[in-house]
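Down below is the structure, laid out as structure tokens.
The values are calculated or read from the model by the stated rules, or taken from the named source; none is laboratory data. Owing to the predicted nature of the structure, the values given are computational and were not obtained by experimental measurement. Note: ideal-geometry Cβ built from the backbone for every residue, glycine included; neighbour counts use all protein chains shown. Ligands, DNA and RNA are stripped out before the accessible areas are found, and what is left, the full protein with its side chains, is counted by its heavy atoms. Shrake-Rupley method; radii C 1.70, N 1.55, O 1.52, S 1.80 Å.
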2 protein chains.
Amino acid sequence: MNKIYIISGPAGVGKSTTSIRLAKQFDHSAYIEGDLINHMVIGGYLPPWESEELLSLTWENFADLSINFVQAKKNVIIDYVAFPEEVEKFSQKIYAKVKNVEIKYVVLWVDHAELLRRDALRIKEHQMGVRCLELVDEFESKGIDKRFVYNTTNIQPSNLNEMLSNIRENPRFNY
Amino acid sequence: MNKIYIISGPAGVGKSTTSIRLAKQFDHSAYIEGDLINHMVIGGYLPPWESEELLSLTWENFADLSINFVQAKKNVIIDYVAFPEEVEKFSQKIYAKVKNVEIKYVVLWVDHAELLRRDALRIKEHQMGVRCLELVDEFESKGIDKRFVYNTTNIQPSNLNEMLSNIRENPRFNY
């Protein structure tokens, strides 16, 4: 059965790295880099936190792309700051159109200190500073079901494969 | 009425530059960079000229994204090496699902010598050499209706706006 993995979490937790490595593990997969879909809008662009309309358009696009990929028998990995209410609407749309698909929702997490440490390691232009904690607060305020939250603070780079197996196989992430 | 512009042509004719500038002219627009959609496939990726299945998946994705954008009242600009048979299937899908939309098909063209001259101006890693003429041959072999072909060999950078107006307003490009 094909799966759709929604890899979420605040900025700086490693969504992209995790998503791409996960995508490479499958014989047939597609990687939806959420920010790219978002930025397809040129005239009238607003950041997703400023326009509900554009945010919901972005999710419509995620859904239609995912449906096409699943129908083409590919696992799908979506890399985006995804909150529970969006995942809920998305999954309703998917299950209405495709049978035989499983959705997994993973909110990657690292402790505050580690998030700031990793941020400081980036090249200057990519550093977010304390701004990366704002998204952390936003996630915390949404009261996400703890089973979806995956704290990776203590995972060493050498154990990344174990982490990916966990994402693939642990039923706690099943939406 | 919202419009979908398919900006096609061989590599090196200026599809991306033209598409992005066109997208920026509208208050509400979306830019679909075809190669990005294509490269969403990770596991099992094949270049479009080696897999009809993946090529048709890419066009399914173009269509669904375009439908969402048009329904959100945006003009759509698709930047891709698009041949007539693909444009035909795409437009059937669009017209079946959306009313009040117009599709424009523009095959950008430059003379061989100019194409090679422009290619030589690129940084080494992006140069295609004579390979860029192979796509020219492929376009020529498909017998594209001449009204869609826009030869821009003699258009000076200072006249780009005139070229964009022509793409927007000249009915010869209406599909």
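Taking every residue in the stretch B:104-118 that is closer than 15 Å to B:G143 by Cα and pairing it with any residue that is of a type in the set (D, E) and surrounded by fewer than 22 Cβ atoms within 10 Å (Cβ to Cβ), at least 6 positions away or on another chain, the pairs with Cβ-Cβ distances below 9 Å are B:Y105/B:D145.
Residues that are over 19 Å from B:V76 (Cβ atoms) and part of a loop (DSSP other than H, G, I, E, B) were ranked within the stretch A:16-48; the one that is farthest from the other protein chains (Cβ to nearest Cβ) is A:P47. A count restricted to the stretch A:56-90 and to residues that are surrounded by 18 or more Cβ atoms within 10 Å (Cβ to Cβ) and either in a helix (DSSP H, G or I) or over 15 Å from the mean Cα position of the chain (by Cα) (or both) stands at 19. Of all residues in the stretch B:142-157, those being open to solvent by 40 Å² or more (accessible area, probe 1.4 Å) and part of a loop (DSSP other than H, G, I, E, B) number 6. Of all residues in the stretch A:101-129, those being closer than 30 Å to A:N170 by Cα and in a helix (DSSP H, G or I) number 8. Kindly indicate whether A:I4 is buried (at least 21 other Cβ atoms within 10 Å of the Cβ), at pLDDT 95 or above, within 12 Å of chain B (Cβ to nearest Cβ) and within 27 Å of A:E140 (Cβ to Cβ). So A:I4 does not fit the description; no.
Any residue at all in the stretch A:100-112 that is surrounded by 17 or more Cβ atoms within 10 Å (Cβ to Cβ) and touching an Asp or Glu at 6+ places or on another chain (Cβ under 8 Å)? Scanning the stretch A:100-112, I find no residue that is surrounded by 17 or more Cβ atoms within 10 Å (Cβ to Cβ) and touching an Asp or Glu at 6+ places or on another chain (Cβ under 8 Å), so the answer is no. Scanning the stretch A:13-40 for residues that are small (G, A, S) and open to solvent by 10 Å² or more (accessible area, probe 1.4 Å) yields a count of 2. Considering every residue within the stretch A:91-105, establish whether at least one is at pLDDT 95 or above, closer than 26 Å to A:L133 by Cβ and within 12 Å of chain B (Cβ to nearest Cβ). Looking for residues that are at pLDDT 95 or above, closer than 26 Å to A:L133 by Cβ and within 12 Å of chain B (Cβ to nearest Cβ), one finds none in the stretch A:91-105, hence no. Looking only at residues in the stretch B:114-141 that are under 14 Å from B:W49 (Cβ atoms) and loosely packed, with under 11 Cβ neighbours inside 10 Å, the one that is modelled with the lowest pLDDT is B:D137.
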